[in-house]
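In what follows, a structure is listed as structure tokens, so that the remarks can point back to it.
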Amino acid sequence: MEIKEKLRILSDAAKYDVACTSSGSNRKNTKGGIGSGAEAGICHSFSADGRCISLLKILFSNYCIYDCQYCVNRCSNDTERASFTPREIADLTIEFYKRNYIEGLFLSSAVIKDPDYTTEQLIKTIEILRYEYRFNGYIHAKAIPGASKDLIAKLGLLVDRMSVNIELPSQKSLLALAPQKSKENILNPMQQIKNGITESKQELAVYRHAPKFVPAGQSTQMIIGATGESDKAIINLSQGLYKKMNMKRVFYSAYVPVGTNPLLPTTAPPLLREHRLYQADWLLRFYGFTAEELLSEKNPYFSNIIDPKCQWALEHLELFPIDINRAPYEMILRVPGIGVRNALKIVKARRYTHLTFDDLKKMRVSMKRAKYFITAEGKSYGNIWLRQELITPMLLSENGVAGFGQISLFDDQVTGEDRIKCLTGEM
Amino acid sequence: MLNRRDVIYTYDGSFEGLMSAIFDCYYSHDYPYDICNEGNMQTVLLCDYIGTSADREKAGRVMNSIFAKISSEAFYHIYCAYLSETKGREMKIFDFLHTGYKFGASVTNRMNLDSVWRLINTAKTVASEAHLYRGFIRFKKLENGIYYSEIEPKGRVLPLISHHFCERFSSMPFMIHDLNHAECLVYNGNSVEIRETDSVPLLKYAEDEQAFQEMWREFYNTITIKERRNEKCRMSLLPKRYWRCMTEFN
Ligand code: SF4
């Protein structure tokens with residue numbers, strides 16, 4: 001089979017893995033080598049679905065011995081199959097990299113013969129890149145559930161990032177849809193990677209040249225909407241992963257119907273829900289929120305209409321408005337419409353002067369949503385006065401829906417009908 | 001103390017020239033009405049013109065004073081604003097410097113001051129364009145082994161991306177040709193320079209070049225999840241004006 005043909009089949013099979021970030025590595029180029037890491041990551045292109053393309057994302061092979069129901073590569077599915085050789089992938093990566101198409105490689109694979117054999121193939125590929133081509137660009141490899149500890153340890157020393165996908169947010173769902181993967185098979189390698197990273201950091205503190213183990217950290221992915229877990233269950237799980245596994249990122253992937261199992265939905269991917277989960281995830285990681293604050297037993301789902309931060313603020317109107325000149329940084333971060341960068345700008349500038357609304361405008365702080373929640377110099381913005389039943393419709397009429405800092409991708413998908421439902425409390 | 005006067009200082013368009021002109025302003029205690037590139041000047045009635053010339057020593061003294069009395073961050077903003085090629089950037093730089101000498105390093109935090117946010121916002125547009133180009137540049141391999149790329153940026157981004165590419169491809173000769181500003185970054189595997197050019201060389205591609213371009217397009221198209229198509233989102237993240245120079249859209 002031609003390489004181009006393999007590339008088509010095996011990138012098609014890999015596209016549902018959403019992680020494509022190249023951040024967290026500051027690997028330097030070496031003499032006679034090629035490539036370097038960029039701490040913040042670099043997007044090289046954007047595909048027609050608006051996702052960042054940063055890495056050559058491919059499977060080593062899609063001949064899978066397993067039969068996970070939510071996956072296109074399951075052995076019972078009738079789909080085109082192909083396998084690369086280690087050298088083919090290494091050569092393709094280098095040629096793409098030299099043309100600046102990509103930031104590096106994201107290598108994953110279906111389980112070919114058994115998890116160990118598969119992992120050995122990944123290692124071979126990456127060894128060619130690192131040792132023969134002296135490639136110092138970004139490499140993200142998937143740890144295959146069930147692979148032996150030694151192999152995972154070996155792989156971890158070659159790559160920048162590793163991931164083990166949780167895939168389904170509860171053990172029950174895993175059991176029903178991916179019976180060959182046990183919870184242990186997923187959590188054990190995760191734990192091992194976490195420990196490896198911690199040890200490696202300690203060693204680095206002592207010996208400057210100690211080898212680095214997964215220096216850009218580990219990530220994982222959950223499929224959203226294939227099974228019945230609530231937003232609350234998902235966000236709680238994410239919080240646990242960030243805290244207990246020191247996860248760098250948890251990715252959420254709206255389930256695209258590829259399975260025929262009657263337990264799985266056949267409807268369009270729940271993109272808005274995925275978007276809300278990302279927003280909530282951001283709140284956990286950068287805004288000091290906890291999962292418990294965002295959702296409760298009574299209210300286990302995010303709103304279709306307003307973003308999670310707005311939702312939280314509207315439920316806590318007693319805390320607002322806050323004085324932009326006096327409130328602590330942590331509180332400014334919680335104002336809807338004010339992102340991390342603007343919050344920092346505000347606390348820096350107010351050291352030297354009393355900020356007015358005019359000042360905020362000059363600093364390009366968007367007032368669209370923030371104006372309902374802040375005062376400056378004792379005044380509210382245009383004498384707006386704070387009552388929930390007034391704010392909610394106003395926020396909506398100004399299309400203050402979705403998105404803070406991140407681009408609001410799905411505004412246009414919230415239909416008029418959804419809005420009305422929300423206002424009458426039916427949703 | 002500087003006196004506001006209806007004078008216009010002119011300089012040769014180079015960064016060194018601009019720094020020298022600023023030196024002359026301070027030396028004569030002038031807060032000028034404008035500082036203009038002598039290449040594209042429009043005569044303003046009722047204004048005196050003072051010509052200046054680029055002078056390494058004068059420019060060096062201004063630059064040193066920025067590092068010493070303000071901060072290296074401030075210098076970076078000034079340099080980026082200069083590279084923006086936007087109208088009126090010279091006076092934005094002058095205003096910012098004037099504020100900077102008054103407040104020192106804290107000036108970059110005072111985003112509520114007009115002279116500060118105007119300059120920093122100008123600088124940021126260039127810096128972020130440069131950041132995008134780190135990803136969006138596409139090299140094509142020529143017959144002679146050189147990797148060649150064309151770009152059409154709004155600002156003059158070459159000085160800002162030079163280090164990134166030279167480090168990354170330290171043993172690969174490459175050229176990045178800025179068609180809009182007729183300059184070309186040339187790296188021969190050892191040393192780097194930015195040359196003025198107004199012609200596009202005759203390009204002969206390497207034999208296997210076409211094959212890799214096709215594979216990249218194949219990959220680019222396959223990786224899209226059709227059920228999630230979102231043109232609006234792609235357009236805002238990757239605006240059309242970059243497409244012409246990108247392999248995936250050719
Ligand atoms: S093991 Fe991986 S590739 Fe194989 S069916 Fe399951 S999810 Fe798909």
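The values are calculated or read from the model by the stated rules, or taken from the named source; none is laboratory data. Predicted, not measured: the structure shown is a model, and the values here were computed from it. Please note: Cβ atoms are built from the backbone with ideal geometry, for glycine as well, and neighbour counts cover all protein chains shown. These area figures cover heavy atoms from the full protein model, side chains too; ligands, DNA and RNA do not enter into them. Shrake-Rupley method; radii C 1.70, N 1.55, O 1.52, S 1.80 Å.
For the protein assembly as shown, what is the percent of antiparallel DSSP beta bridges, rounded to the nearest 5?
30 percent
Using the Cα centre as the reference, give the magnitude of the dipole from point charges on the C-beta atoms of the protein assembly as shown (Lys, Arg: +1; Asp, Glu: -1; all else neutral), rounded to the nearest 20 debye.
That gives a dipole near 1320 debye.
Can you tell which of B:Cys36, B:Cys233, B:Cys25 shows the greatest fluctuation in a Gaussian network model of chain B with Cα springs below 10 Å?
Ranking B:Cys36, B:Cys233, B:Cys25 by mean-square fluctuation puts B:Cys233 first.
Given A:Ile144, A:Ser108, B:Leu132, which one lies farthest toward the positive end of the charge dipole of the protein assembly as shown, if we put +1 on the Cβ of every Lys and Arg and -1 on the Cβ of every Asp and Glu?
A:Ile144
Restricting to chain B, what percent of DSSP beta bridges are antiparallel, rounded to 5?
45 percent
Starting from the coordinates of the alpha-carbon atoms of the stretch A:1-55, obtain the Kirkwood hydrodynamic radius over all distinct pairs and give the value in Å to one decimal.
13.3 Å
Compute and list, largest first, the equivalent-ellipsoid semi-axes of the stretch A:1-95 from the alpha carbon gyration tensor, each √(5λ) rounded to a whole angstrom.
Over the Cα atoms of the stretch A:1-95, the semi-axes work out to 28, 17, 12 Å.
Quick one: dipole size for chain B, taken about the Cα centre, charges +1 on Lys/Arg Cβ and -1 on Asp/Glu Cβ, in debye to the nearest 20.
Here the size comes out at about 1060 debye.
A 21 angstrom limit on the alpha carbon distance is what I want to check against. Which of A:Lys57/A:Lys98; A:Lys4/A:Lys142; A:Lys183/A:Lys298; A:Lys113/A:Lys154 exceed it?
A:Lys4/A:Lys142; A:Lys183/A:Lys298
Leaving out ligands and nucleic acids, and using a 1.4 Å probe, what accessible area per residue does the stretch B:49-126 come to in Å²?
That works out to 45 Å² for each residue.
Name the residue farthest towards the positive end of the dipole of the stretch A:41-96 from the options A:Tyr70, A:Ala48, A:Ile89, assuming +1 on Cβ of Lys and Arg, -1 on Cβ of Asp and Glu, about the Cα centre.
A:Tyr70
Assuming a viscosity of 1.567 mPa s and a temperature of 4 °C, what translational diffusion coefficient in µm² per second does Stokes-Einstein assign to the stretch A:3-294, Rh being the Kirkwood radius over Cα pairs?
67 µm²/s
Could you bin all the Cα-Cα distances of the stretch A:131-211 into 5 Å bins starting at 0 and give me the percent of pairs in each, rounded to whole numbers?
With a bin width of 5 Å, the distribution comes to 3, 13, 21, 20, 17, 13, 6, 5, 3, 0.
Determine one quarter of the surface area of the Cα convex hull of the stretch B:112-250, which equals its mean projected area, and express it in nm² to one decimal.
Here the figure is 10.9 nm², rounded to one decimal.
Evaluate the stretch B:154-226: find the radius of gyration of its Cα atoms, find its Kirkwood radius, and give the ratio Rg to Rh.
With Rg and the Kirkwood Rh in hand, the quotient comes to 1.06.
For a quick check, take a GNM of chain B with Cα springs below 10 Å and name the residue from B:Ile137, B:Ile70, B:Ile223 with the largest mean-square fluctuation.
B:Ile223
Might you report the magnitude of the Cβ-based charge dipole of the stretch A:1-91 about its Cα centre, with Lys and Arg at +1 and Asp and Glu at -1, to the nearest 20 debye?
Computed charge dipole of the stretch A:1-91: roughly 400 debye.
With a Förster radius of 35 Å, plug the Cβ-Cβ distance of A:Ile65 and A:Tyr131 into 1/(1 + (r/R0)^6) and report the FRET value to the nearest 0.05.
0.75
What would the Debye formula give as log10 I(q)/I(0) at q = 0.06 Å⁻¹ for the alpha-carbon point model of the protein assembly as shown, no solvent?
-0.41
Compute for chains A and B the buried accessible surface, both sides summed, probe 1.4 Å, and express it in Å² to the nearest 100.
Buried area (both sides, nearest 100 Å²): 5300 Å².
May I ask for the distance between the Cα centers of the stretch A:104-144 and the stretch B:98-150, given as a whole number of Å?
A separation of 36 Å, based on Cα centres.
Have a look at the stretch A:47-68 and report residues whose accessible surface goes down by 30 Å² or more when the remaining protein chains are included, against the chain on its own, probe 1.4 Å, ligands and DNA/RNA excluded.
Those residues are A:Ser47, A:Ala48, A:Asp49, A:Gly50, A:Arg51, A:Ile53.
With only alpha-carbon atoms counted, please give the Rg and Dmax of the stretch A:63-142, in Å.
14.0, 40
At 1.4 Å probe size, with the rest of the protein present, what percent of the exposed accessible area of the stretch A:106-204 is carbon and sulfur atoms?
50 percent
Over the Cα atoms of the stretch B:1-69, what Rg and Dmax result, in angstrom?
My reading of the Cα-based Rg and Dmax gives 12.0, 38 Å.
Given that compact globular proteins tend to follow 2.2 N^0.38 Å, what is the ratio of the alpha-carbon Rg of the stretch B:1-155 to that value?
It is 1.17.
Using a 1.4 Å probe on the protein heavy atoms, what percent of the accessible area of the stretch B:71-132 belongs to carbon and sulfur?
Within the stretch B:71-132, the accessible surface is 56 percent carbon and sulfur.
Of the heavy-atom accessible surface of the stretch B:1-69 (probe 1.4 angstrom), what whole percent is carbon and sulfur?
50 percent
Projecting each Cα onto the charge dipole of the stretch B:71-132 (Lys/Arg +1, Asp/Glu -1 at the beta carbon, about the Cα centre), which of B:Thr99, B:Ile120, B:Ser84 comes out farthest on the positive side?
It is B:Thr99, whose Cα lies furthest towards the positive end.
Step by step: find N for the stretch A:51-210, compute 2.2 N^0.38 Å, then divide the Cα radius of gyration by it. What's the final number?
In units of the 2.2 N^0.38 Å rule of thumb, it is 1.08.
Alpha carbon centre of the stretch A:1-65 versus the stretch B:26-94: separation in Å?
Here the two parts' Cα centres lie 44 Å apart.
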